[in-house]
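Bear in mind that the values in this text are calculations on the coordinates, not laboratory data. Since we're looking at a predicted model, the values are computed, not measured. Cβ placement follows ideal geometry from the backbone for every residue including glycine, while neighbour counts extend to all protein chains displayed.
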Amino acid sequence: MAFKKQITARGVAADYFRLVSFRWDERAREASALFSLYVDEAHAGASKRSGVSPAEAAPLVDVAAKIRLSGDEFDRYVGKKRPEGADIVAGFYRAAREACKQSKAEKKPGAALHLVSDYGEAVFDTAADV
């Protein structure tokens, strides 16, 4: 699972955002996730078949976006109230997309789901799921 959206970072065209790490604490009802930006899908999954060397596989931007969930948002996306069968990683992607849409609709930064990105609060609102 990843997001695909064309971005220019450090003078390079890139289009592949992937969740690379998360912290999840059910007891505290808090979680956060980091999304990295890769040049493309091949660079994100470097292998002999992709033709991309492991040295080229590093993210273009290590932390392109970060989301933080707590309380009711934690429960809804990655906790006990998440949709049946939905895993935690999918919950982070869903929360990131909805945070961007909410921020864009409200036309203000700092949406309730606390998504932060150097590419704007609405970075994932029009991204394709891949």
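7 Å from Cα along Cα→Cβ at both D87 and V12: what's the point-to-point distance in nm?
Calculated label separation equals 2.7 nm.
Quick check: the angle from helix 88-106's long axis to the longest principal axis of the chain, C-alpha only, nearest 10 degrees?
The two axes meet at around 80 degrees.
List every residue whose amide H lies under 5 Å from the amide H of L60, counting only residues 5 or more places away in sequence or on a different chain, with H placed 1.01 Å from N in the peptide plane.
It is L37, Y38, V39, by chain and number.
So, R0 is 35 Å and r is the distance between the beta-carbons of K101 and S53; what FRET efficiency does that work out to, to 0.05?
0.40
Could you pull out every residue, at least 5 positions away or on a different chain, whose amide H is within less than 5 Å of the one on A65? Hs are placed 1.01 Å off N in the peptide plane, and Pro or chain starts have none.
F35
List, in order, the whole-Hz ³J(HN,Hα) value for each residue of segment 10-17 obtained from phi through the Karplus relation with A = 6.51, B = -1.76, C = 1.60 and θ = phi - 60°; use x for Gly and Pro.
Using θ = phi - 60°, the values come out as 6, x, 10, 6, 9, 8, 10, 9 Hz.
Please state, rounded to one decimal and in Å, the Kirkwood hydrodynamic radius that the chain gives when every pair of distinct Cα atoms enters the mean of 1/r.
15.1
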